[in-house]
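Accompanying notes for the structure given below.
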Amino acid sequence: MDSLIAIAAAILYVLAIATIIPGLVHQVGIRTKTVLVSAVLALAFHAWLLSDLILGGTGQNLSILNVASLIGFIISLVMSIAMLKTRIWFLLPVVYGFAAINLSAAAFVPTAFITHLEHNPKLLIHISLALFSYSTLSIGALYAIQLAWLDHKLKNKKALTINPNLPPLMMVERQLFKIILIGTGLLTATLFTGFVFVQDIFAQGKAHKGVLSFLAWIIYSILLWGHYRKGWRGKKVTWFAVAGATLLTLAYFGSRFVREIILS
């Protein structure tokens, strides 16, 4: 059953992507209703799949693939809502593509990492904050890449007229720093709850998570300071945003990928 749900969700995500791509390539109108309906149905099947994979047994199965699929769902949900207010067509194929890959991997490569968060509500708070902070800052990295690409197009004198399906550069920049500000706040709360609620945070196999997450927090803090105090823009912003997201990815998934996928 889970396989059929995953296939249905993946097909719907691909349908949304296939509706968007022609508008980006040929600079024609994008059928927003088709994309929205496909995305909503894909998200519904995705949520159904996650409920089976994570909550279907005793406890909660927070394997690396299930967590990656959950993060893909959160990012896709947020970006689908944002689609109603702004032109983020450039990012949606990437977001939906990763969501389809992640949910397929979770469904067809089953792994297990059983927890019992119902007995530890403090840990549930910490994990929830970690998921939302990582998802938010990953969206920030995508916005930073889009910002760099738009900036390159505008500076390239040989570039054709900017695609009407793409958002204005300044709007993307404003949204980017709002997202990073929110994400950094969530990351701050994640680090705080980690130190307070997770007693063995510096135990073997866990210390790197705290260290890398704190380094990412420093990078994002410097980026926000540089932008609001020094007026940083352009490539520097992109590098900082991508570097921070990379450190968080290594913190959250690095050792678990080796243990659950490579060594399993």
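The values are calculated or read from the model by the stated rules, or taken from the named source; none is laboratory data. All values reported here derive from a predicted model rather than from experimental measurement. Neighbour counts run over all protein chains shown; Cβ positions are idealised from the backbone, glycine included. In case anyone asks, the SASA skips ligands and DNA or RNA and just uses the protein heavy atoms, side chains included. Shrake-Rupley method; radii C 1.70, N 1.55, O 1.52, S 1.80 Å.
Distance from the Cα centre of the stretch 24-64 to that of the stretch 86-159, in angstrom?
13 Å
Give the carbon-plus-sulfur fraction of the accessible surface of the stretch 1-119 in %, rounded to a whole number; probe 1.4 Å, heavy atoms of protein chains only. Don't skip to the answer; put the middle values down first.
Working: 4100 of 5600 Å².
The value for the stretch 1-119 is 73 percent carbon and sulfur by accessible area.
Please tell me which of these pairs span more than 19 angstrom C-alpha to C-alpha: K155/K230; K155/K236; K33/K178? Present the calculation step by step, with values, prior to reporting the outcome.
Values: K155/K230 22 Å; K155/K236 16 Å; K33/K178 27 Å.
Violating the 19 Å Cα-Cα cut-off are K155/K230; K33/K178.
Amide H of Q60: which non-local residues (sequence gap of 5 or more, or other chain) have their own amide H closer than 5 Å, using H built in the peptide plane?
T115, H116, L117
If ligands, DNA and RNA are left out, what is the accessible area of W217 with a 1.4 Å probe, given in Å² to the nearest 10?
80 Å²
Taking the highest mean first, how do the peptides 124-134, 108-118 order by number of other beta carbon atoms within 10 angstrom per residue? Walk me through the numbers on the way to the answer.
Working: 124-134: 20.2, 108-118: 13.0.
In descending order of packing, they fall as 124-134, 108-118.
Per DSSP H run of at least 4 residues, take -39500 (n - 2.57); add these up for the chain, divide by its residues and hand me the 222 nm value, nearest 500 deg cm²/dmol. Please report the intermediate quantities before stating the final value.
On the way: 8 runs with 197 residues, N = 264.
One gets -26500 deg cm²/dmol as the mean residue ellipticity at 222 nm.
Sort 138-144, 76-82, 96-102 by packing, meaning the average of other beta carbons within 10 Å per residue, with the highest value first.
Numbers: 138-144: 24.7, 76-82: 18.0, 96-102: 21.7.
Descending mean neighbour count gives 138-144, 96-102, 76-82.
If you count, for each residue, the other Cβ atoms within 10 Å and average over each peptide, how do 228-234, 14-20 line up from highest to lowest?
On the way: 228-234: 11.1, 14-20: 20.3.
Ranked by mean Cβ neighbours within 10 Å, highest first: 14-20, 228-234.
Determine the relative contact order of the chain: mean sequence separation of Cα pairs under 8 Å and six or more apart, normalised by residue count, in whole percent.
Numbers: 315 pairs, mean separation 51.2, N = 264.
It rounds to 19 percent for the chain.
Which three extents, in angstrom, do the Cα atoms of the chain have along their principal axes, listed largest first?
Each principal axis gives a Cα extent; for the chain these are 56, 49, 30 Å.
For the stretch 1-46, report the accessible area per residue in Å² (1.4 Å probe, heavy atoms, rounded to an integer). List each step's numbers first, then the result.
Values: 2410 Å² over 46 residues.
Here the residues of the stretch 1-46 average 52 Å² of exposed surface.
Can you give the relative contact order of the stretch 129-190 as a percent, counting alpha carbon pairs under 8 Å and 6+ residues apart? Walk me through the numbers before you get to the answer.
Numbers: 43 pairs, mean separation 41.0, N = 62.
Relative CO of the stretch 129-190 lands at 66 percent.
Between L117 and W48, what is the FRET efficiency for a Förster distance of 22 Å, r being their Cβ-Cβ separation, to the nearest 0.05? Mind showing how you got there, number by number?
Values: r = 20 Å, r/R0 = 0.93.
Calculated value: 0.60.
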